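Scroll down for the structure; my scribbles are underneath it.
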Amino acid sequence: MTYFINAWLERPQPYLQIVHRDTGRVCVDFPAAVLEELCRNGDLCPSDLCTNTASATKEVVRHLFHMATLNGCRIARRGAGHKQSSP
């Protein structure tokens, strides 16, 4: 799997990030207000993040990317932040 989830939803300022496993780059960073609304609406539940299989985690990551897109979260583009050499 290429991504992992870094999250703590049950705190005063919840956070959730999708991080690229190989580079450590944060690909999606959910603002606390978006997380609170997703949890309030039932679109996200802390137990959703307690998976123990790669296939279940893959589905959760896919769902989170979808939710991030729908809610206008900042999604880092591939190669963003890396200086590209010119020929």
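The values are calculated or read from the model by the stated rules, or taken from the named source; none is laboratory data. Every value quoted in this text rests on a predicted model; they were computed, and no experiment measured them. Every residue, glycine among them, receives a Cβ derived from its backbone with ideal geometry; neighbour counts consider all protein chains shown. Areas reflect the complete protein model, heavy atoms only, side chains present, ligands, DNA and RNA absent. Shrake-Rupley method; radii C 1.70, N 1.55, O 1.52, S 1.80 Å.
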Quiz prompt | Nearest-0.05 FRET efficiency for Trp8 and Arg40, computed from C-beta distance (R0 25 Å) | solution = 0.90
Quiz item: Is it possible to state the helix-based mean residue ellipticity at 222 nm for the chain, with each DSSP H run of 4+ residues giving -39500 (n - 2.57), the sum divided by total residues, to the nearest 500 deg cm²/dmol? What is it?
Solution: -10000 deg cm²/dmol
Exercise. Give me the angle, in degrees from 0 to 90, between the Cα long axis of helix 54-70 and the longest principal axis of the Cα atoms of the chain, rounded to the nearest 10.
Key: 80
Self-check item: Crossing angle, helix 32-41 versus the chain [Cα axis fit, 0-90 degrees, rounded to tens]
Solution: 40
Quiz item: For Phe4, Phe65, Phe30, what's the largest-to-smallest order of accessible area, 1.4 Å probe?
Solution: Phe4, Phe65, Phe30
Quiz prompt | Options (1) 0.94; (2) 1.05; (3) 1.01 - which one matches Rg/Rh (Cα atoms, Kirkwood Rh) as calculated here | solution = (3)
Exercise. Give the accessible area for Glu59 in Å² (nearest 10); use a 1.4 Å probe, count only protein heavy atoms, and leave out ligands, DNA and RNA.
Key: 100
Quiz item: Using Cα pairs under 8 angstrom and six or more residues apart, how large is the relative contact order of the chain, in percent?
Solution: 25
